[in-house]
Amino acid sequence: MPRNDSRKSPPSREGIFISYARSDGKNFADDLRRQLINEYRFQVWQDIVELEGGKDWWLQIEAAIKSVEFLVMVMTPGALASQTTRKEWRLARQEGVCVLPVLAEAIDFFTLPRWMRDMHFFIRRASSVSFLRWRNDNSQIIQHLPASLEGG
């Protein structure tokens, strides 16, 4: 007899949400969005492009985060100080979205929340975004961001 399983399967998630502070991360986020779309054909959500006027901006951000597979955190001092970016990161983690921090500027790793200090970071150099693991010995580049986004 078939088992009646009332549990719903999780919704299919697709795409990348770019989280950044406009004060010091907008240009980096814009360039990263263009690169991810033009070179790798990823579906990318960025507020400056996707937000619709006349609708609650935070509800749109929540819906976008809940629909994507990845949230790329553009790490800058402004992003670390912003309550909005912190809310985005927290929501992504609560929703099971894979959070990928990308260093856009030098930051003090010792001021990061513990969950963030233990993460792998990416660094963008020239035309590629490479993966690094923060260690007290200055970290080493390991792999490229697009490969991680493709599950490779």
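When residues in segment 99-123 are screened for being surrounded by 14 or more Cβ atoms within 10 Å (Cβ to Cβ) and in a helix (DSSP H, G or I), 2 of them pass. Taken over segment 21-55, the criterion of being more than 14 Å from Phe70 (Cα to Cα), crowded, with 17+ Cβ neighbours inside 10 Å and aromatic (Phe, Trp, Tyr) is satisfied by Phe28 alone. Quick check, is Gly96 under 16 Å from the mean Cα position of the chain (by Cα), part of a loop (DSSP other than H, G, I, E, B), at pLDDT 80 or above and exposed (fewer than 13 other Cβ atoms within 10 Å of the Cβ)? Here the answer is yes, as Gly96 does meet what is asked. Taken together, the criteria exclude Val129 from residues that are in a strand (DSSP E or B) and modelled with pLDDT of 70 or more.
Test of understanding: among Gln60, Gln35, which residue is touching a residue at least 60 places away in the same chain (Cβ under 8 Å) and over 12 Å from the mean Cα position of the chain (by Cα)? Steps first, please.
Working: Gln60 fails: touching a residue at least 60 places away in the same chain (Cβ under 8 Å).
Matching residue, one of Gln60, Gln35: Gln35.
Criterion first (at pLDDT 95 or above and of a type in the set (Gly, Ala, Ser)) does Ser19 satisfy it? Reasoning before the result, please.
Working: at pLDDT 95 or above: yes; of a type in the set (Gly, Ala, Ser): yes.
For Ser19, the condition - at pLDDT 95 or above and of a type in the set (Gly, Ala, Ser) - is met.
State whether one or more residues within segment 70-90 are part of a loop (DSSP other than H, G, I, E, B), within 25 Å of Ile123 (Cα to Cα) and out of contact with any Ser or Thr (no Cβ under 9 Å at 6 or more places or on another chain). Explain how you work it out, then say what you get.
Going through segment 70-90, the residues part of a loop (DSSP other than H, G, I, E, B) turn out to be 76, 82.
Next cut, within 25 Å of Ile123 (Cα to Cα) only: 76, 82.
In the following step, the residues that additionally are out of contact with any Ser or Thr (no Cβ under 9 Å at 6 or more places or on another chain) were identified as none.
Within segment 70-90, none of the residues are part of a loop (DSSP other than H, G, I, E, B), within 25 Å of Ile123 (Cα to Cα) and out of contact with any Ser or Thr (no Cβ under 9 Å at 6 or more places or on another chain).
For segment 73-82, the criterion of a residue being at pLDDT 95 or above and touching a Leu at 6+ places or on another chain (Cβ under 9 Å) is satisfied by no position.
The values are calculated or read from the model by the stated rules, or taken from the named source; none is laboratory data. It should be emphasised that the depicted structure is a prediction, and the values quoted were computed from it without experimental measurement. Heads up, the Cβs are rebuilt from the backbone with ideal geometry, glycines too, and the neighbour counts pull from every protein chain shown.
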